[in-house]
Structure formats: structure tokens, C-alpha cells
Amino acid sequence: MPRIRMNVRDALQSPETVTACAVLQHVHDAMTLLTTLPPPVLEAVRDEFDRLARERTGPRGELKRAWFNYVQQALADARLRDQQDTFGMYRELR
């Protein structure tokens, strides 16, 4: 246990490690936020990632295309949730 504590203490004192953890947390937070947005907003975000991906090549372009694909899936999920909510509303009227 003391070795783990020493490793954690050393990692927390490294600005690079703290920054790397923050980057990963921000990516995770962005992915989580995208699952909460309505379809029209997701469409705008998707279109922007598409534009950015077309402007870039190499790894940065690939990353933008990956975000585009992630938003595409979030959009499909949001549309499905909207359909389920609509059908659920009508189900109560039967």
C-alpha cells in the first residue's frame, strides 16, 4: 500500500500527468454531453465535425472523422429516444 500511495503522490505532482488526466476527463465529459443533446443540436455539431474533418488530413483529420462518427451515432440514438417517447405518449392513450 505505501508504494501505491507513493506512485499516486508522484503522479499528482507531475503537471503533465494532471493535464493528461484532465484531457481524458474532458473527452469523457464531451461524449457524455453528446448523449443528452436533442437531434437538431446534434445535427449542427455533426455538420461542424464534418466540415472540420474535410479541412484536415492525417491524424487530426482522422480524429475529427471519429468525432463525426460518434456524433452520428449519438444523433441516431437521440432520434430513437424521441420516437420511443412519442410512441410511449400514444401508448398511454390506448
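Every number here is computed from the coordinates shown, using simple stated rules; none is lab data. In this text, all values refer to a predicted model and were calculated from it rather than measured experimentally. A quick note on method: Cβ atoms are made from the backbone with ideal geometry, for glycine too, and the neighbour counts reach across all protein chains shown.
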Quiz item: In debye to the nearest 20, how big a dipole does the chain give about its Cα centre with +1 on each Lys and Arg Cβ and -1 on each Asp and Glu Cβ?
Solution: 280
Self-check item: At most 15 other Cβ within 10 Å, DSSP loop - trypsin sites (Lys or Arg not before Pro), the range 1-59
Solution: ARG56
Exercise. Within 10 Å, count the other beta carbons around each residue, average over each peptide in 68-78, 34-44, and list them highest first.
Key: 68-78, 34-44
Quiz item: What is the extension gain from GLN25 to VAL41, computed as 0.36 nm multiplied by their sequence separation minus the C-alpha to C-alpha distance, in nm to one decimal?
Solution: 3.5 nm
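Please sort 60-67, 24-31 by packing, taking for each peptide the average over its residues of neighbouring beta carbons within 10 angstrom, highest first.
Details: 60-67: 15.0, 24-31: 10.8.
So the order, starting with the most tightly packed, is 60-67, 24-31.
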Quiz item: If the viscosity is 0.890 mPa s and the temperature 25 °C, what Stokes-Einstein diffusion coefficient in µm²/s follows for the chain when Rh is the Kirkwood radius over Cα pairs?
Solution: 151
